[in-house]
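Each remark here refers to the structure printed beneath this line.
The values are calculated or read from the model by the stated rules, or taken from the named source; none is laboratory data. Quick caveat, the model's predicted, so the values are computed rather than measured. All Cβ positions, even for glycine, are placed from backbone atoms using ideal geometry, and neighbour counts span all protein chains on display. Areas reflect the complete protein model, heavy atoms only, side chains present, ligands, DNA and RNA absent. Shrake-Rupley method; radii C 1.70, N 1.55, O 1.52, S 1.80 Å.
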Amino acid sequence: MEVKDSNNEPYQPVHKDQTEQSVNQYDDGVGDYEEPEPHPRRWLILAVFSLVAQGNGMIFLALASISGKAQTFYDVPASKVNLATILFYAIYVPFTPLATYVVNTNDGLRKSVLVAAYSMAIGTGLRCAAFEGNPHSFNYLLAGTSVAAINGPFLMACFTLVPARWFPDSERGLATSIGVLANQMGMVVGYLIPPLIVSETDDNGTLATQMTICNLTLFGISMAAAILAFGLFKSKPDGQLDEAMPISSREDMPIQTAAKLCLVNVDFWVYGAGFALMAPLYWDMGSLLYQNMHPSGYSDAEIQIPGVVLQVMAIPGMIAAGKLIDTTHQFEAIIVFSLTLAFASIGIFTWALTLTHSPTNLAIITFAAAATGLAFSMVQPAMLDIVAERTHPVPHGYTCSVLYLGTMILGALYIVIGDEIEPLEFNIFLTCLVGVVLVSTVMFPCLFPPTIGAHHDKMQQALSVPVDPYPETAEGEIGAIGAETKGN
């Protein structure tokens, strides 16, 4: 099967020398592409996308911090309140194929962001109908959450595609980090704001008003994101031709071809699995703190201290990761450092939970939470970007969709496992899990030296496309890297 792009030319995975130095993603191996000047609207585009991303995170945790009050007001069990969070995992899986298809169609980036924004606005609007204190009213909240959860697969397919379309290589790592950070900060807002609106009260009338205000706030933010996305967001700069984009950000590769390229790419499996294992662990850490600390006698106010620190550390962590990616391109070093820090901090956290309740131990737990937040927030953009580069020329929308599909499946699995075993046993399990990912990441480059468009021979065999592994430049001369490698 010969697979061709929009120019009727075979796809040619890039073959580079086997070093850890990243190569500009715009270099498709043909040597005749010049990266355009940075577009002045790129930060506006990223801001609109980030607003949609933070809305997703906000709705995801909107009930987590007021679950007890929601149980009392709607007269439903805790399992039904938790269902509002689990729905985000459940909805993601069946909608992933559709989201992957849409993002890879003509103008697919804009379509995906608009579907994400509109579903979020419609879903939060339905949640506003849940203003009566009874189980029937709570069903409106679940229905609205189900619609809003459609946001997930369409949004997360775009985390590396937006930077690839709008940002130069020197800013792409930071842009990816900001998008992921916006989603994380949405979780912080969703966790902190509802308790400020919904107070401790036994008056159902007051509680009904407060719950309605909470739902209207979510609806207002979601509507603002939808309106701005419709009016301002675009798939690519005006006048930019598909041929002037890197292959991995185009929309003309069939999904089955992308799947075949990923299946034979060892980098995809190792780093993709690492991302899928680590990202939901960070998302679920807030719940894990409560499950571990509450039985030890810590109050809700004390538990919120490490919980807030854990989330806030995403700001310096992701920004630092983005700048390091852009300036050094040392993906493996960033990932190994982050996983080492995560392994140590979760180990300290697990040990601290065996100690008695005291201010000193609370300080130790808070320190461990800060280190954990820093570690997990740094590893996410690094793993997203390394998979995007190492699977070149697979479209970014495809790789992101598959990676986040894995996170949703494993995130749901973490919740199930956490409910079945003791908190301390679960923490030990998580510590060992991080250790396994760390060892795998350290050993992998030794066994499989990194390349861009990795494992060239296997990828070419999968495509059945004969390609010269040392592509010539537009002037007919072998590129400098190819010549050097070929000479060796």
Evaluate the distance, in nm, between pseudo-label points positioned 7 Å from the Cα of ASN204 and of LEU413 along their respective Cα→Cβ axes. 4.3
Place the peptides 59-66, 163-170, 299-306 in order of packing, highest mean first, counting for every residue the other Cβ atoms within 10 Å and averaging per peptide. 59-66, 163-170, 299-306
Using alpha carbon centroids, what distance separates the range 36-60 and the range 135-176, in Å? 10
What's the extension gain from ALA47 to THR72 if we count 0.36 nm per residue and subtract their Cα-Cα distance? 5.2 nm
Note down the relative contact order for the range 110-209 as a percent, whole number, built from C-alpha pairs under 8 angstrom at least six residues apart. 26
With Rg from the Cα atoms and Rh as the Kirkwood inverse mean 1/r over Cα pairs, the range 385-445 has an Rg/Rh of 1.09
Whole-number D in µm²/s for the range 125-264 (Stokes-Einstein; Kirkwood sum over Cα pairs; 20 °C, 1.002 mPa s): 116
For the PHE131, CYS432 Cβ pair and Förster radius 51 Å, calculated FRET efficiency rounded to 0.05 is 0.65
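Net charge around GLY272, counting only other residues with Cβ within less than 14 Å of its Cβ (Lys, Arg = +1; Asp, Glu = -1)?
-2
Please compute one quarter of the surface area of the Cα convex hull for the range 349-437 and express it in square nanometres.
For the Cα atoms of the range 349-437, the hull's average projected area reads 6.8 nm².
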In whole percent, how big is the carbon plus sulfur part of the accessible area of the range 119-242, probe 1.4 Å, protein atoms only? 69
Please give the peptides 140-146, 181-187 ranked by average Cβ packing (other Cβ atoms within 10 Å per residue), highest first, as a rough proxy for protection. 181-187, 140-146
With R₀ set to 25 angstrom, the calculated FRET efficiency between the beta-carbons of ILE255 and ALA90, to the nearest 0.05, is 0.65
In Å, what Rg and Dmax follow from the Cα atoms of the range 265-321? 15.0, 48
List, largest first, the extents of the alpha carbons of the range 286-392 along their principal axes, each in whole Å. 50, 21, 21
Sort 270-277, 219-226 by the packing proxy (mean of other Cβ within 10 Å over each peptide's residues), most packed first. 270-277, 219-226
Can you tell me the equivalent ellipsoid semi-axes for the range 96-186? Use √(5λ) from the Cα gyration tensor, largest first, whole Å. 31, 15, 8
With Rh as the Kirkwood radius over Cα pairs, the range 313-364 has Rg/Rh of 1.16
